[in-house]
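Read the structure below first, then the notes.
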Amino acid sequence: MAARTVLLTGSNRGIGLELVKQLLGSPRPPAWIFATCRDPEGPRAQELRELANKHPNLVLVKLDVSNPSAITEAAKIVEVKLNGLGLNLLINNAGIYTPTASLDTVDAEDMVRTYKTNAVGPMLMAQAFLPLLKKAAQESKAKGLSCSKAAIINISTVMGSIKKTTDSFSPPVISYRCSKAALNMLTMCQALTYGEAGILCVALHPGWVKTDMGTQQADLTVDTSVRGLLSVLPILSEKHSGTLLNWEGKAIPW
Ligand code: NDP
């Protein structure tokens, strides 16, 4: 993967942390990886801090995606660090999930909290980092759209696919499904809007993955899922912008 500058949200554990590890270990690691998380100084970011001590290209940035002013603050810090370079790849990975939210139990507070993190967060992230993404697109001589030029990757889920709901309805997880369906719609709107500026916008489903969210019953190890996601990124082009694909690069209907 030839993206020189990458930023991820929710990178202190689960899929986000594994993305950081595998990007650092890749044959051509990015020049800068901005690993953002809610509490870089806290106990849940210890592994990330240890990685940052070993890898000078890994920069930890404090960022809560449900806090709009934290997003604009983080964008300023990243811009200074990039020192005139653009941002090639924004991975909106942070997400929350309420396992017990059925139609009987879900409430307004859970719906709004989940929407704010899973859909509003990625929207504000793209708005705040748009100038840096545009800069990367303008600096690139490559034709068409690609992750090495400028891209927004929204980590979504098959559970946000309306077409696939009948197959995946257990568990119902209403707040999560609705927020990710909104994220899928956002991805299409971003593709239609940001495509003109040379920015690829794709939603990716990582599979059912053994993380705190996916639980240990899940199908895939985090290593397999992330290996898959990172092998899909380099094949993405304009024909994929505004689509939902899984970790193997297979299309999922909206
Ligand atoms: P985890 O629960 O293991 O990790 C979630 C990450 O998101 C943590 O780093 C957490 O940080 C972070 N996060 C949550 N809320 C915020 C916030 N407001 N601001 C910043 N960071 C936040 O989940 P996974 O790694 O499994 O999931 C990653 C993504 O993949 C999510 O978007 C999820 O919906 C998606 N996904 C996962 C699947 C699975 O089976 N695991 C299946 C399909 C999609 P903190 O430590 O501070 O809480």
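Quickly estimate the mean residue ellipticity at 222 nm for the chain, helices only: each DSSP H run with n ≥ 4 gives -39500 (n - 2.57), and the total goes over all residues, rounded to 500. Don't skip to the answer; put the middle values down first.
Values: 8 runs with 98 residues, N = 254.
Per the formula, -12000 deg cm²/dmol.
Under a straight-distance cross-link criterion of Cα-Cα below 20 Å, which aspartates and glutamates are reachable from Lys62, leaving out those fewer than 8 residues away in the same chain?
Here the aspartates and glutamates satisfying the reach criterion relative to Lys62 are Glu18, Asp39, Glu41, Glu47, Glu50, Glu73, Glu79.
In debye to the nearest 20, how big a dipole does the chain give about its Cα centre with +1 on each Lys and Arg Cβ and -1 on each Asp and Glu Cβ? If you can, show how the numbers build up before the last one.
Details: 26 positive and 20 negative charges, 163 e Å.
My answer is approximately 780 debye.
If you plug each phi of segment 24-33 into the Karplus form 6.51 cos²θ - 1.76 cosθ + 1.60 with θ = phi - 60°, what whole-Hz ³J(HN,Hα) values come out, in order, with x for Gly and Pro?
5, x, 6, x, 10, x, x, 5, 9, 10
Lysines near Lys143 by alpha-carbon distance under 26 Å, same-chain residues fewer than 8 away left out - which ones?
Lys134, Lys135, Lys239, Lys250
With the cut-off at 18 Å, report for segment 69-133 the share of all Cα pairs above it, as a whole percent. Show your work: numbers first, answer last.
Values: 973 of 2080 pairs.
For segment 69-133, the fraction of Cα-Cα distances above 18 Å is 47 percent.
Give the residue list of trypsin sites (Lys or Arg not before Pro) in segment 148-234 that are DSSP loop and have at most 15 other beta-carbon atoms within 10 angstrom. Write down the numbers at each step before the final one.
On the way: sites: Lys149, Lys163, Lys164, Arg177, Lys180, Lys210, Arg227; in loops: Lys149, Lys163, Lys164, Lys210.
When the trypsin sites (Lys or Arg not before Pro) of segment 148-234 are filtered for loop state and at most 15 Cβ neighbours within 10 Å, Lys163 remain.
Using a cut-off of 14 Å between alpha-carbon atoms, which aspartates and glutamates can reach Lys149, once sequence neighbours fewer than 8 places away in the same chain are excluded?
Correct list for Lys149: Glu139, Glu196, Glu238.
How many Å³ per residue does the convex hull of the Cα positions in the chain occupy?
Working: hull volume 30.0 nm³, N = 254.
Each residue corresponds to 118 Å³ of Cα convex hull volume.
For the chain, modelled as a GNM with alpha-carbon contacts under 10 angstrom, which of Leu132, Leu51, Leu145 fluctuates the most?
Ranking Leu132, Leu51, Leu145 by mean-square fluctuation puts Leu51 first.
How large, in Å, is segment 107-195 by the Kirkwood hydrodynamic radius built from its alpha-carbon pairs?
On the way: mean 1/r = 0.0694 Å⁻¹.
Kirkwood radius, segment 107-195: 14.4 Å.
Under the Karplus relation 6.51 cos²θ - 1.76 cosθ + 1.60, θ = phi - 60°, what is the ordered set of whole-Hz ³J(HN,Hα) values for segment 83-93, x standing for Gly and Pro?
Values, residue by residue: 6, x, 7, x, 9, 6, 9, 10, 10, 7, 9 Hz.
Carbon and sulfur atoms: what percent of the 1.4 Å accessible area of the chain do they account for?
Details: 6700 of 11850 Å².
The value for the chain is 57 percent carbon and sulfur by accessible area.
How much accessible area per residue does segment 166-247 have, in Å², with a 1.4 Å probe?
Numbers: 3600 Å² over 82 residues.
About 44 Å² of surface per residue is accessible.
Using the C-alpha gyration tensor of segment 118-254, what are the square roots of 5 times its eigenvalues, in whole angstrom, with the largest one first?
Numbers: eigenvalues 139, 54, 33 Å².
Working from the Cα gyration tensor, I get semi-axes of 26, 16, 13 Å.
The values are calculated or read from the model by the stated rules, or taken from the named source; none is laboratory data. Treat the numbers as computed from the prediction; the structure is a model and nothing was measured. Using ideal geometry, Cβ is built from the backbone for each residue, glycine included, and neighbour counts are taken over all protein chains shown. Side chains are part of the model used for accessible areas, which takes the heavy atoms of the whole protein and leaves out ligands, DNA and RNA. Shrake-Rupley method; radii C 1.70, N 1.55, O 1.52, S 1.80 Å.
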